[in-house]
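These notes concern the structure reproduced below.
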Amino acid sequence: MNIYPPINRFFEKTGEQTNFFKAFLRNTFKGSFEWNEFIRQCYVIGYKSLGIVAVTGFVIGFVFTLQSLPTLKEFGAQSYVPGMVCISVIREIGPVVTGLICAGKIASSIGAELGSMNVSEQIDAMEISGASPVQYLVVTRILACTLMIPILTLFADALAVAGGFVGLNSSGASISMQLYFHKAVATLYFSDFIPAVIKTIFFGIAIGFVGCYKGYHSNKGTESVGLAANSAVVAASIWIIILDAIAVQITSVFVYN
Amino acid sequence: MENVIEIQGLKKSFGGHEVLKNITLNVEKGKSIVVLGKSGQGKSVMIKCVVGMMIPDEGSLKVFGNEVAEMNEDELREMRTKIGFLFQGGALYDSMTVRENLAFALTRVLKIKDDADIEKRAVEALDAVGLGEAIDKMPSDLSGGMRKRMAFARTLIVKPEIILYDEPTTGLDTITSKEISRLMLDIQKKYKTSSIIITHDMQCAKITADRIVVLNEGELIAEGTYSELENCDNDFVQQFFK
């Protein structure tokens, strides 16, 4: 049926993405798991992103402290800074900023890698050999993202809290590390961690899935490799924002009420 | 003689443009068929239909007596384990060494887990194509001819019954092209494989073909041995031999 072409394309793409996700799920539980490739991907996605996530996390905590301190000082509430930094970073800023950083770094790299494998017919070669490219390339990357993004987020959270300590001391307030961490940790509950970690698991799935989908379904020209990487970043970033908005709604109804 | 590939009335279109029009072609067991034709005439589309990478719009395409379009995913995968496909650019997995490239299908398709057996088969396959010393190299370290040989070794290692060649000598110098063509002939004789070879290289066609078919505007317009086609009256066919 020929409807308005953009609507047609939307439904075609949605169907294609649904089929791709079904293929991912089917291949996750079928046949032998590609442990070596999974571990390699965990190294590439997790370990190789530590640097950028560490710097970003630390700077967030540092800047957030410096920006909020003058306002809180006016009300004599500077003692609340460690707790405020800690809660904000763990509940919201840490997961979202780490998710966006990883969308830029990881989704683009997966999109470009699979896109270039597609252009050079390596994916076709795997499929024709009788092996499953989805099992080897897609399952391992999506699961590695699902495992590594929450770990990277917790790492960024820890550095943001440390950044807050440095920020507080560099702005003239003299506070010991022990007191700072006591005040920061005292405000935290287990229920602050769980929604944030669950949220980052979905961020990981989104980043891995979007990167793989864009690369796997790129066109055959060399230009399409760049397009695959670029569109993977854009789509993954939008998904992070959408998932975060949904997660905030859910947690505010079921957890913080 | 038994046909391993039977194509009857095959049609395939892309966006209203009919690329293959009513193709009928049989490949006998142990024989090589060369497909000649200008670029963009649907030669690669035809062999992609054979391995189930593309679905024909109309017609029948049987491999080992089974209709490809009616196969489910597992049957398709099973059929593909008996078919080797040599891509124009080699399609070597560039993040893996030569050894890992060779082991990829062995461990995943033939389910061989014994490292010593994998090593033995890898060395045998590389020796068969004269690349014994390259086992630890990365694909990026290999020259154009070596990449073709390596792709050949990767195709051979699973001992396919049919090999489909997509322009195996394109981009190679005359001497290397001749070497690859002779290698294709040796492999066919040694392993009794059947093959469809898509090429523009007449030297390759002369060395490897049992029969040649000529494709023009989506239709097979001539069929015969190299010498039969060399002496035929068709002007289009003659252009390949001049």
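Throughout, read-outs are computed from the coordinates displayed, never taken from laboratory work. Source: prediction; values computed, not measured. Cβ sites come from the backbone with ideal geometry, for glycine too, and all protein chains shown count toward neighbours.
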Checklist entry - Which whole-Hz ³J(HN,Hα) couplings does the stretch B:34-48 yield from phi under the Karplus relation 6.51 cos²θ - 1.76 cosθ + 1.60, θ = phi - 60°, glycine and proline marked x? => result 9, 9, 9, x, 5, 5, x, 9, x, 5, 5, 4, 4, 6, 5
Checklist entry - In deg cm²/dmol and to the nearest 500, what is the mean residue ellipticity at 222 nm of chain A if only DSSP H runs of at least 4 residues count, each as -39500 (n - 2.57), divided by the residue total? => result -26000 deg cm²/dmol
Item to check | the stretch B:170-225 - convex hull of the alpha-carbon atoms, volume per residue in Å³ | outcome: 84
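Beyond 44 Å, what share of the Cα-Cα pairs of the protein assembly as shown is found? Please give it as a whole percent.
Of all Cα-Cα pairs in the protein assembly as shown, 31 percent lie more than 44 Å apart.
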Item to check | Under the Karplus curve 6.51 cos²θ - 1.76 cosθ + 1.60, θ = phi - 60°, whole-Hz ³J(HN,Hα) for the stretch A:127-136, x wherever Gly or Pro sits | outcome: 5, 5, 5, x, 7, 9, x, 5, 5, 7
Item to check | Magnitude of the charge dipole, the protein assembly as shown, Cβ model with Lys/Arg +1 and Asp/Glu -1, debye to 20 | outcome: 980
Checklist entry - Arranged by the count of other C-beta atoms within 10 angstrom, fewest first, what order do A:C42, A:C212 take? => result A:C42, A:C212
Checklist entry - In peptide A:116-127, what is the residue-averaged number of other protein chain Cβ atoms found within 10 Å of each Cβ? => result 6
Checklist outcome for this item: Extend 7 Å from the Cα of A:L72 along its Cα-to-C-beta direction; within the stretch A:185-220, residues with backbone N under 13 Å of that point are A:185-188
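Using the Kirkwood radius built from alpha carbon pairs, what does the Stokes-Einstein equation give as D for chain A at 25 °C and 0.890 mPa s, in µm² per second?
On the way: Rh = 19.8 Å.
In µm²/s, the coefficient rounds to 124.
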Checklist outcome for this item: Taking the dipole of the protein assembly as shown about the Cα centre (Lys, Arg +1; Asp, Glu -1; charges at Cβ), the one of B:F152, B:S181, A:C145 that reaches farthest to the positive side is A:C145
Checklist entry - Residue by residue, what Karplus-based ³J(HN,Hα) values in Hz, rounded to whole numbers, does the stretch A:148-153 have, using 6.51, -1.76 and 1.60 with θ = phi - 60° and x for Gly and Pro? => result 7, 4, x, 5, 4, 5
Item to check | Dipole-positive endmost among A:I106, B:S227, A:G167 within the protein assembly as shown (Cβ charges, Cα centre) | outcome: A:G167
Item to check | Within chain B, helix-based [θ] at 222 nm, where runs of 4 or more DSSP H residues each add -39,500 (n - 2.57), nearest 500 | outcome: -11000 deg cm²/dmol
Item to check | Dipole magnitude (debye, nearest 20) for chain B, charges at Cβ of Lys, Arg, Asp, Glu | outcome: 400
Checklist entry - Based on the alpha carbon coordinates of the stretch A:71-207, what radius of gyration and maximum Cα-Cα distance (Dmax) apply, in Å? => result 20.7, 70
Checklist entry - Ordered by packing density, taken as the mean number of other Cβ atoms within 10 Å over each peptide's residues, highest first, how do A:79-92, A:136-149, A:60-73 rank? => result A:136-149, A:79-92, A:60-73
Checklist outcome for this item: Any residue on another chain or 5+ positions along whose placed amide H is under 5 Å from the amide H of B:N26 is listed here as B:I7
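Over the whole of A:130-139, what's the average partner chain Cβ count within 10 Å per residue? Rounded to a whole number, please.
3
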Item to check | Net charge of neighbours whose Cβ lies under 10 Å from the Cβ of B:E167, counting Lys and Arg as +1 and Asp and Glu as -1 | outcome: -1
Next on the checklist: Sorting check: for A:154-164, B:121-131, B:229-239, which peptide has the highest mean count of neighbouring beta carbons within 10 Å, and how do the rest follow?
Outcome noted: A:154-164, B:121-131, B:229-239
Next on the checklist: Can you tell me the length gained on complete extension of the stretch B:K190 to B:E18, counting 0.36 nm per residue apart and subtracting the Cα distance?
Outcome noted: 58.1 nm
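At 4 °C and 1.567 mPa s, what whole-number value in µm²/s does Stokes-Einstein give for the translational diffusion of the stretch B:111-167, with Rh from the Kirkwood sum over Cα pairs?
Using the Kirkwood radius from Cα pairs, D works out to 107 µm²/s.
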Checklist outcome for this item: Extension length gain for A:I201 and A:T28 (0.36 nm per residue less Cα distance), in nm, is 60.6 nm
Item to check | Amide H within-cut-off set for B:F85, under 5 Å, with H built and near neighbours excluded | outcome: B:L164
Item to check | Label-point separation, B:M138 to A:I39 (7 Å along Cα→Cβ), nm | outcome: 2.1
Item to check | In Å, descending, principal axis extents of the Cα set of the stretch B:1-55 | outcome: 38, 22, 19
Checklist entry - Which Rg and Dmax, in Å, describe the Cα atoms of the stretch B:122-200? => result 12.0, 33
Checklist entry - Under a 5 Å amide H to amide H cut-off, with H placed in plane at 1.01 Å, what residues pair with B:V19 once short-range neighbours are removed? => result B:K12, B:S13, B:F14
Checklist entry - In the protein assembly as shown, with Lys and Arg counted as +1 and Asp and Glu as -1 at Cβ, which of these residues, B:T24, A:Y136, B:G52, has the Cα nearest the positive end of the dipole, that is, farthest along it? => result A:Y136
Checklist entry - Given +1 on the Cβ of Lys and Arg, -1 on the Cβ of Asp and Glu, and no further charges, what dipole in debye does chain A carry about its Cα centre, rounded to the nearest 20? => result 200
Checklist entry - Just the C-alpha atoms of the stretch A:1-110: what Rg/Rh do they give, with Rh taken as the Kirkwood radius? => result 1.19
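How well do other chains shield peptide B:87-96, expressed as the mean number of their Cβ atoms within 10 Å of each residue Cβ?
On the way: counts 6, 1, 5, 4, 10, 4, 7, 4, 5, 1.
Averaged over the peptide's residues, the number is 5.
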Next on the checklist: Give me the extension gain from A:V248 to A:I3: residue separation times 0.36 nm, minus the current Cα-Cα distance, reported in nm with one decimal.
Outcome noted: 84.6 nm
